[in-house]
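The values are calculated or read from the model by the stated rules, or taken from the named source; none is laboratory data. Keep in mind the model is a prediction, meaning the values are calculated, not measured. Glycine gets a Cβ as well: all are built from the backbone with ideal geometry, and neighbour counts include every protein chain shown.
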Amino acid sequence: MNRLMVNVLNVAIAAALATGLAACNRSADAGTSNGSAALDSGSGADAGAKYAKVVSVDPVRSTANNPREVCHDETVTHTAPPKDQHRIAGTAIGAVVGGLVGNQVGGGKGKTLATVAGAVGGGYAGNRIEASRQHAQVTTSVERKCSTVNNTSSKIVGYDVRYVYNGVTRTVRMDHDPGDRVQVQEGVTAVSDAR
């Protein structure tokens, strides 16, 4: 073979090798960049989310009062005074009987004095006898008594959440207890669906 031909062949082989290596490098670079792109897109969701440390969570309560009426039956005792409070009937009957008995004693002026004394004594005795027999009239009845009682109820309507983000403490009202951390968005606003 002639020397010129050997040189041309060497150049052609060198050119083919250089082209093959370049193609391999491009293919390897493409695979690496796709892998890192996939890695970035996979971690992008977590890398974009920002969280703040929760310092305290205070429940917010709403209190409502629904009064209701409660009734019960109660036995009540009534005392009525006797019909003849002054015991007039007993006094009158005693005076008549005493006067009749006194009228049987003595004669003349003594008879008159005995009649008067018998009437006075009989009236007093009749009054005392009626007093001992007289009782106040006691009656009982069942009465319905009602009263209004408070029926207070309390329920949690939200949570005041204090959190620290970048050294600044803020408060937000949420409809749930977020736990020990809360997600924040741009402008350092806590993510919340509280009303």
Select, from V116, V120, V157, the only residue that is assigned by TED's automatic domain parsing to the domain that holds S62 and either touching a helix residue (DSSP H, G or I) at 6+ places or on another chain (Cβ under 9 Å) or surrounded by 10 or more Cβ atoms within 10 Å (Cβ to Cβ) (or both).
-> V157
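Checking the condition aliphatic (A, V, I, L, M) and closer than 28 Å to A52 by Cβ, which residue from V138, V168 passes?
Numbers: V138 fails: closer than 28 Å to A52 by Cβ.
Only one candidate passes the filter, namely V168.
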Based on what the data block shows, is G110 assigned to a helix (DSSP H, G or I), among the small types (G, A, S) and touching a Phe, Trp or Tyr at 6+ places or on another chain (Cβ under 9 Å)?
-> no
So S132, is it in a strand (DSSP E or B) and more than 16 Å from A52 (Cα to Cα) | no
May I ask you to list pairs of residues, at least six apart or on different chains, whose Cβ atoms are under 7 Å apart, with the first in segment 96-113 being without any contact (Cβ under 8 Å) to a residue 12 or more places away in the chain and the second being assigned to a helix (DSSP H, G or I)?
-> G106/A114; K111/N103
So how many residues does segment 124-135 have that are surrounded by 10 or more Cβ atoms within 10 Å (Cβ to Cβ) and either within 30 Å of D73 (Cα to Cα) or modelled with pLDDT of 75 or more (or both)?
-> 6
Of all residues in segment 160-195, count the ones that are over 30 Å from A64 (Cα atoms), loosely packed, with under 15 Cβ neighbours inside 10 Å and at pLDDT 85 or above.
-> 8
